[in-house]
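I have placed the structure first, in the form of structure tokens, so that the comments after it can refer back to it.
Bear in mind that the values in this text are calculations on the coordinates, not laboratory data. Model, not experiment: these values are computed from the prediction. Heads up, the Cβs are rebuilt from the backbone with ideal geometry, glycines too, and the neighbour counts pull from every protein chain shown.
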Amino acid sequence: DRKLMMGYQGWFACPGDGSALNRWVHWFRNNTPTATNATVDFWPDIAELDADELFATAMTLPGGGPAKVYSAYKEKTVVRHFRWMKDNNLDGVLLQRFSSSLSNPDHFAFRNQVTLNVRAGAETYGRVFAIMYDISGQNAATLVSTLTNDWAYLVNTLHLTASPSYVRHHGK
């Protein structure tokens, strides 16, 4: 009740971020970090991010320095996002899990790490979170089993609903 919740995709990955993906995900088309291949509407403000959270692209800023971005695979970055939420009176997030990519082991591992990062951020800064599924692109024949199996993994293996920060409504 009375929570201001944001959608949180957590889908940004970069080469060298430590994930099995090890490539540009959701920042650029064709894994080519140039302006013509950028897929974001707005460039992120990275002023508060530390050097160990930043990944240089092939682009340069007007001052000549490299244009850098972040990865949601980095716990430190996601936890910072939750600090910003607390600082700005945002209560929490609905973390998207893209069901069509869960069958890929590298994407599954990436999504799980992002989920754990979100949990850490929510618990650290007194925010809440919940899972929401994006089923676009999911094969209709495997939709129910994909969601059922994934939810069982989140509850029984990652123990997400055991978190005091997992959002509940009237105790459920």
Open item on the list: I want to verify a result. In a Gaussian network model of the chain, Cα cutoff 10 Å, which of these has the top mean-square fluctuation: ASP106, ASP52, ASP17?
Closed with: ASP52
Open item on the list: Residues of segment 119-148 with backbone nitrogen within less than 17 Å of a virtual label 7 Å along the Cα-to-Cβ line of ASP87, please, listed as ranges.
Closed with: 121-122, 124-127
Task: Cα centroid separation - segment 103-172 against segment 1-58, whole Å - done: 20 Å
Task: GNM top mover of SER103, SER71, SER19 - the chain, alpha-carbon springs below 10 Å - done: SER103
Open item on the list: I need the phi-derived Karplus couplings for segment 136-150: 6.51 cos²θ - 1.76 cosθ + 1.60, θ = phi - 60°, integer Hz, Gly and Pro marked x.
Closed with: 4, x, 6, 5, 4, 5, 10, 4, 5, 5, 4, 5, 4, 5, 5
Open item on the list: Please list 3J(HN,Hα) in residue order for segment 35-46, calculated via the Karplus relation 6.51 cos²θ - 1.76 cosθ + 1.60 where θ = phi - 60°; whole Hz, with x for glycine and proline.
Closed with: 4, 5, 9, 5, 10, 9, 7, 9, 7, x, 7, 10
Task: Long-range amide H partners of ALA67 with built H, under 5 Å - done: THR57, MET59, THR60, LEU61
Open item on the list: Cut-off 10 angstrom, C-alpha nodes, Gaussian network model of the chain. Which of ARG111, ARG29, ARG127 fluctuates the most?
Closed with: ARG29
Open item on the list: Under the rule of at least 5 residues apart or a separate chain, name every residue whose amide H is placed under 5 Å from the amide H of VAL128.
Closed with: GLY92, VAL93
Task: At R0 = 35 Å, FRET efficiency that the Cβ-Cβ distance of HIS170 and ILE46 yields, to 0.05 - done: 0.30
- [ ] Please give the net charge around LEU95, taking every other residue with its beta carbon less than 10 angstrom from that of LEU95, where Lys and Arg add +1 and Asp and Glu add -1.
- [x] +3
Open item on the list: I'd like to know which of GLN9, LEU94, PHE82 lies farthest towards the positive end of the charge dipole of the chain, counting +1 on Cβ of Lys and Arg and -1 on Cβ of Asp and Glu.
Closed with: LEU94
Open item on the list: Taking the alpha-carbon distance from LYS76 and a cut-off under 18 Å, which aspartates and glutamates remain once sequence neighbours fewer than 8 residues away in the same chain are dropped?
Closed with: ASP17, ASP45, GLU48, ASP50, ASP52, GLU53, ASP87, GLU123
Task: Cα centre as origin, Lys/Arg/Asp/Glu Cβ charges: the chain dipole, Debye - done: 340 debye
